[in-house]
Amino acid sequence: MQISKNIYATHIEEDSSTFGAMHPGGTHIYFVGDPNDHMVMVDSGEPYRSWTKQIQDFYSELGKPRISSIVVTHGHGDHIGGLDRLQEQFGCIVRCHPKLEPLLTHKLGEGTVKKLRSKESVIAGGGVKLRAHFTPGHEADHISYYIPGDKVIFSGDTILGNSSSSVRNLKQYMESLETLAGLKPNLICPGHGQIIKNGTARVEGYIRHRTEREEQVLSALKSGVDSVDEIVTEVYSRNLRRNLRSAAGRNVRTHLDKLTEEGLVERQEATFKLVKG
Ligand SMILES: [Zn+2]
């Protein structure tokens, strides 16, 4: 499908009752630039052959343009799978975060992978440039790519189309969201889920959601609640399903880590137990 003048994508859908549950709203692989000039591909999906085949078929539909580079948003398996096959077919360079470069060089071979500097631009065809914005938080090696003229962001897993993102480091993640909000995007092309038309509003909504949660965690602490489990009970609805409860616990923990990093909260180890009974 064609998303705008210089953005094309193939949408990969999975059975939502099995593997697809990992990717609400499916996955997008983007081709950016001018098919008559040259193009850049964003991410390479899961390593399954069926995925790579769909990407190759879409590439054929585009008329097999020259691919000048593949840019990677981050090193999770559902974004760098099939990279070996696709890089070999396109004979192009792979660009990524400096932290991811050693792993990808190990996978793809010496001289194939080049690390990006923060704010470096990658030239796609048709006069389009993708500017690399380092956006850690979902993962330390995460990059979002921005087309300044069109105000489009390729957000990887930092912003998703149909759900909220999982976060490894919330302090970094919030800073990354501020970076993305500052770009005032019209359109966000996420790694998973629907294309987002009101980009800036979506980023601001993400920021608001996390800020409200943080306030709830702080007021729970103020009321004397002091364990992750009790905070979950305080902050989330009482009848949270068991499997959602552990996700809620992880989420509360990322908030407590952030508040600890900021010096607003300290961890106390006040209980002891015997090592051997
Ligand atoms: Zn992903």
The one condition in (1) assigned to a loop (DSSP other than H, G, I, E, B); (2) within 16 Å of the ligand (Cβ to nearest atom) that Y30 fails to fulfil
(1)
Segment 183-217 - residue that is among the basic types (K, R) and not in a helix (DSSP H, G or I) and, of those, most open to solvent (accessible area, probe 1.4 Å)
K197
Residue pairs, Cβ under 8 Å, 6 or more apart or interchain, first in segment 188-203 and assigned by TED's automatic domain parsing to the domain that holds V42, second within 16 Å of the ligand (Cβ to nearest atom) and charged (D, E, K, R). List them.
P190/D157; G191/D43; G191/D78; G191/D157; H192/D157
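Just for segment 119-135: of the residues that are more than 15 Å from the ligand (Cβ to nearest atom) and within 30 Å of R250 (Cα to Cα), which one is most open to solvent (accessible area, probe 1.4 Å)? Full working, then the answer.
The initial filter retains those residues of segment 119-135 that are more than 15 Å from the ligand (Cβ to nearest atom), namely 119-134.
Those still in the list that are within 30 Å of R250 (Cα to Cα) too: 132-134.
On the way: A132: 0, H133: 10, F134: 57 Å².
Here the answer is F134.
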Wholly within segment 60-118, helices (runs of 4 or more DSSP H) carrying at least 1 residues that are over 25 Å from H11 (Cα atoms)
101-108
Can you find a residue that is away from the ligand (no atom under 16 Å from the Cβ) and surrounded by fewer than 21 Cβ atoms within 10 Å (Cβ to Cβ) anywhere in segment 43-50?
yes
L180 - would you say it is under 24 Å from L256 (Cα atoms), within 16 Å of the ligand (Cβ to nearest atom) and not in a strand (DSSP E or B)?
no
Residues within segment 71-94 that are open to solvent by less than 20 Å² (accessible area, probe 1.4 Å) and away from the ligand (no atom under 16 Å from the Cβ), tallied:
3
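The values are calculated or read from the model by the stated rules, or taken from the named source; none is laboratory data. Nothing here was measured: the structure is a model prediction, and the numbers come from that model. For neighbour counting, all protein chains shown are included, and Cβ atoms are generated from backbone atoms with ideal geometry for every residue, glycine included. Accessible surface is based on the protein model in full, side chains and every heavy atom, while ligands, DNA and RNA are left aside. Shrake-Rupley method; radii C 1.70, N 1.55, O 1.52, S 1.80 Å.
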